[in-house]
1. Among the residues of region 240-256, is any outside any helix (DSSP H, G or I), within 25 Å of the chain's Cα centre (by Cα) and at pLDDT below 95?
2. So, in region 448-477, of the ones that are under 17 Å from residue 503 (Cα atoms) and free of Cβ contacts under 8 Å to residues at least 12 places away in the same chain, which residue ends up surrounded by the fewest Cβ atoms within 10 Å (Cβ to Cβ)?
3. Which members of region 532-541 meet the condition of being part of a loop (DSSP other than H, G, I, E, B) and either at pLDDT 90 or above or farther than 19 Å from residue 13 by Cα (or both)?
4. Evaluate region 312-335: report whether one residue or more is closer than 24 Å to residue 473 by Cα and surrounded by fewer than 20 Cβ atoms within 10 Å (Cβ to Cβ).
5. Take residue 231 and decide whether it is touching a residue at least 40 places away in the same chain (Cβ under 8 Å), outside any helix (DSSP H, G or I) and either surrounded by fewer than 18 Cβ atoms within 10 Å (Cβ to Cβ) or not assigned by TED's automatic domain parsing to the domain that holds residue 320 (or both).
6. Taking strands (runs of 3 or more DSSP E) that do not extend beyond region 392-504, which have at least 2 residues that are touching a helix residue (DSSP H, G or I) at 6+ places or on another chain (Cβ under 8 Å)?
7. Restricting attention to region 316-338, and to residues there that are assigned to a helix (DSSP H, G or I) and at pLDDT 85 or above, which single residue is nearest to residue 551 (Cα to Cα)?
């Protein structure tokens, strides 16, 4: 089996002309019948990594999945693409299950979806049945569920440790969207995958805009936000079951289509609410974290968190349910440090101090995300050991112009209060102390301290922002533990003594968004959505399974006229072209005839060619090069130009790749050979696994510049 055969199958069955991210390397590895571990962000195309090999292997692929809804969703999508797939779970009658077993015995199915408890029951009857089949591959989806260090541990997943004993010759592919290094090691160990190759894709979801707003008056702000997203699908997460029900009711009263979803609802009601959402009959689901794992709905345009998630992993996975089709989407979080204190009680695990401390650290990191004053995307990517530029241009921090003011006196008041209170209190208490609060919680002896009340002229919200920024800039720090207190740092004394000026920021104006979108015919897009909805209702599947919004936008952009034109539209494989091509062609043709429009499919080709053009030389790159030529170090250049070190490295990497700078000035030949050897196995993105494989004797700078050197054109 060659990769060219895989590409043909990719186009024929799924309608995609090329692989995304690490998909090609993963598929090649799986086709070689070796164990594989895949860490790929939500919406990155994990399912294809086992679905495509499943079609190319002779036998059956077993897919272990934690949720019934996920199984049905994926099986429906496969069947629409003409792929023989089924699931076995408690929703099926005895006769339905018996029919599927008959199909399995006669080799009529390529993929079978199962829950872990169904696969590995104590009596082993089902295992014996499966051993009589030709099983080519086992895929374990949501693999982080097996780890107690993960954010969604499920005890039933621990049974999967037996798989390698029961099916020692069958290759296993484990897949997850979120797992830190501890969780990754735990997954491999518990699944007994001794020599599995790990593939880590970039965690960046550039189409999602991350925004954090104060929780004060969050409902009013939510209504404003939802009015900007009328007729779009979205998920709103709340911490408690009661909050989901009350908020859904309030939204209904405001004229929005909204339903609650939480584990306390009757099973049939939960399923009904989910089905209405998946089929676009209801636009908004208000849910606890019980909703969403494995939901493949591709046209979710926004995810809102009314309360703080417990971890970055949870937040990343939940926000990742937006924009799976690659179109612009939004993630809005309402932040309050009060939520942090509320969640600390959930972090405690009885008789397990180690687990409690890990939970608290994860929560503290989540709180830091709400407090930071630099690019939120950079924070997320760095958390997952991935490098990122200092600005992404698509988060609230990067999209807000700020002016800087001299806040030295404010900083001195804050630091002095921490000193006077002997570094024994948290942010809330220190702020109340500074504002001269009459609250009973302020100790009597503290009311007589000179600093008490010196910040009464500054609002509580503003003090909160200033403390957040002082912490993020390293003038203060928080202790670890369940009740963190403010502490001084090595930078504090210079400020207190008046030797260092402190500059803080305040919002000035929000930059208007200019997300790059295709210039499509809106009226035609709406006509196509109506046709898609009618087809989906006839077939009893969600509309996005028929064709995604991204495919409809391509149709409304490039106006294909012929069968060949349609085959160039992403998402139209042979099966869907034969099944849906004619009705969609009629809608496009009628629209073009009425509007006197001709096909624009040639623009799609031009766009693909344009992507291959060489990167343009900019003045900012030249400025960095000139400073380097004067003998300045990379760190000095970054300071002089007020840019991040990562940006300066990118500038110089450009000239190394062009052959205008010698790599020998930065990296020794021995190190270049070592780096080249490792990237052959791991690839070049992200850099974290490359760095981990090389060890501490190699810096990220050396790796990045060596990669640029290895990319340079070879002169013949």
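The values are calculated or read from the model by the stated rules, or taken from the named source; none is laboratory data. Just so you know, these numbers come straight off a predicted model, no measurement behind them. Positions of Cβ are backbone-derived with ideal geometry, glycine not excepted, and every protein chain shown enters the neighbour counts.
1. Initially, region 240-256 is screened for residues outside any helix (DSSP H, G or I), giving 240, 254-256.
So of that shortlist, the ones also within 25 Å of the chain's Cα centre (by Cα) come out as 240.
Adding the requirement that they be at pLDDT below 95 leaves 240.
Yes; the residues of region 240-256 include at least one that is outside any helix (DSSP H, G or I), within 25 Å of the chain's Cα centre (by Cα) and at pLDDT below 95.
2. 462
3. Keep residues of region 532-541 that are part of a loop (DSSP other than H, G, I, E, B), which gives 540-541.
Hit for region 532-541 is 540, nothing else.
4. no
5. Details: touching a residue at least 40 places away in the same chain (Cβ under 8 Å): yes; outside any helix (DSSP H, G or I): yes; either surrounded by fewer than 18 Cβ atoms within 10 Å (Cβ to Cβ) or not assigned by TED's automatic domain parsing to the domain that holds residue 320 (or both): yes.
Yes, satisfied.
6. Values: elements: 400-406, 476-478, 486-488.
Ranges flagged: 476-478, 486-488.
7. Within region 316-338, the subset assigned to a helix (DSSP H, G or I) is 316-319, 337-338.
Adding the requirement that they be at pLDDT 85 or above leaves 316-319.
Working: 316: 25, 317: 24, 318: 24, 319: 22 Å.
Only one residue tops the list, namely 319.
Residues are listed down the side, and each one gets a yes or a no for (1) crowded, with 22+ Cβ neighbours inside 10 Å; (2) touching a helix residue (DSSP H, G or I) at 6+ places or on another chain (Cβ under 9 Å):
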{"position": "257", "(1), (2)": "no, yes"}
{"position": "262", "(1), (2)": "no, yes"}
{"position": "268", "(1), (2)": "no, no"}
{"position": "272", "(1), (2)": "no, no"}
{"position": "277", "(1), (2)": "yes, no"}
{"position": "287", "(1), (2)": "yes, yes"}
{"position": "302", "(1), (2)": "yes, yes"}
